[in-house]
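Take a look at the structure set out below.
The values are calculated or read from the model by the stated rules, or taken from the named source; none is laboratory data. Quick caveat: nothing in here was measured; it's all calculated off a predicted structure. Here Cβ is always computed from backbone atoms with ideal geometry, including for glycine, and neighbour counts include all displayed protein chains. Surface areas here come from the heavy atoms of the whole protein model, side chains and all, with no ligands, DNA or RNA. Shrake-Rupley method; radii C 1.70, N 1.55, O 1.52, S 1.80 Å.
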Amino acid sequence: MPAHLSVRHATGLLVLLVACSDRTSPGPAGGNTTRVLLTDDPFPFDRVERVDVYVVSVSGSLTPDTSTAGSVVTMATPNRTIDLLALQNGVTDELGALELPEGVITAVRLTIDTDLSSMTLKDGTVLTGSSTPGIAWQSSAGRPVLNALIHEQIEVPDSGGTVVIDFDVGKAFITPQEIDPASTDDGFIFSPVLRAADGTKTGSITGGVRSAGSPIEDASLRLYLGDPASAENTWSVLGTAHSDAAGGFEFSFVTRSAYWAQFPAQANSTYLVAVDPPAGLPAERVLVPNVTVTAGHETALGTIDLP
């Protein structure tokens with residue numbers, strides 16, 4: 001049943017930028033503070049050094065309860081460039097703070113400036129919307145307002161809360177080869193994938209990747225939701241990640257498993273983690289099924305050995 005929150009007094013809203021490799025899901029911030037976080041899910045690290053996105057503002061629709069129309073409020077106006085790939089291993093970036101009445105956030109929007117955004121490859125090449133190769137921003141060119149998908153309602157209680165904005169870089173910047181395998185274009189195509197969540201209702205999945213006794217860096221990981229007994233092409237991809245130099249990885253701010261359990265269509269679904277070796281490593285793919293996520297807790301998968 002939707003929560004009904006009456007407007008009694010002002011509640012603080014702290015806006016942060018954070019990566020999905022944070023080791024714990026945050027609870028409410030101190031005092032009457034609600035935090036807004038942006039988290040990054042990685043992509044081809046063997047090619048890209050930086051993904052610099054100019055964040056103009058974060059806004060949301062706030063309503064006293066889910067039965068009434070919300071009013072649009074600006075939650076942060078950072079107006080600066082942020083390297084999404086630097087937001088790893090628990091690094092956060094505070095975007096701003098404000099006071100809000102108690103209620104429910106029913107929509108979250110992120111405004112970026114593509115003319116001030118770029119990607120830098122590991123060989124030093126800088127990709128922009130006007131370079132060749134470059135970034136095909138498509139209909140998002142300019143100052144687009146990007147709407148975030150919300151799985152579970154985001155509450156703004158009187159004690160403060162946490163709003164996480166998950167900017168999935170691994171799904172938002174795709175290679176032309178994903179659309180046309182014959183393409184020789186070395187650039188990227190922008191297809192915005194954003195998710196917003198109540199951080200107090202999320203958990204994390206951690207682990208390490210090894211092969212032949214050594215840690216594996218830049219292993220590619222995908223987080224799926226689906227029935228382990230069904231074919232992989234029936235599963236939904238909810239996030240991407242990669243392993244660091246020590247082989248460690250984390251999916252942060254993952255929607256709790258109990259949320260999905262309430263839907264009959266997801267009755268047999270669990271989280272699954274797929275681990276693929278980096279290019280050039282003679283190792284095999286490993287799939288870890290039946291992963292459960294609990295709000296406020298870390299689900300540790302331990303060491304995953306790639307044969």
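Amide H to amide H distances under 5 Å link ILE154 with ILE105, where only residues 5 or more positions off or on other chains count and H is placed in the peptide plane.
State the percentage of accessible surface on the range 266-307 attributable to carbon and sulfur atoms; use a 1.4 Å probe and exclude ligands, DNA and RNA.
The value for the range 266-307 is 49 percent carbon and sulfur by accessible area.
To put it simply, the accessible area of the range 140-229 at a 1.4 Å probe is 48 percent carbon and sulfur. Taken one residue at a time, the phi angles of the range 105-110 give Karplus couplings (6.51, -1.76, 1.60, θ = phi - 60°) of 8, 9, 7, 10, 10, 10 Hz. Gly and Pro are set to x. Less than 5 angstrom separates the built amide H of SER191 from those of PHE173, ILE174, all sequence-distant by 5 or more or on a different chain. Think of a 1.4 Å ball rolled over the protein heavy atoms: the range 241-306 then has 48 Å² of accessible area per residue.
For GLY248, nonlocal amide neighbours, meaning residues 5 or more places apart or on other chains whose placed amide H falls under 5 Å from its own, are VAL209.
For the range 188-199, the Karplus equation 6.51 cos²θ - 1.76 cosθ + 1.60, evaluated at θ = phi - 60°, returns couplings of 9, 10, 8, 9, x, 10, 10, 9, 10, 8, 7, x Hz by residue, with Gly and Pro reported as x. Taking 0.36 nm per residue of separation and subtracting the current Cα-Cα distance, fully stretching the chain between THR81 and VAL237 would add 53.4 nm. Between ASP123 and ASP227, the modelled label-to-label distance comes to 4.7 nm, taking each label 7 Å out from Cα in the direction of the beta carbon. Averaging the sequence gap over all C-alpha pairs within less than 8 Å and six or more residues apart, then dividing by the number of residues, gives the range 187-307 a relative contact order of 36 percent.
Measuring nothing but how far apart in sequence close Cα pairs (under 8 Å, 6+ apart) lie, relative to its length, the range 101-217 scores a relative contact order of 27 percent. Projected label points at VAL288 and ASP180, each 7 Å from Cα along the beta carbon direction, are separated by 3.9 nanometres. The largest accessible area among LYS122, LYS171, LYS201 belongs to the first residue in LYS122, LYS171, LYS201, and the rest follow in falling order (1.4 Å probe, all chains).
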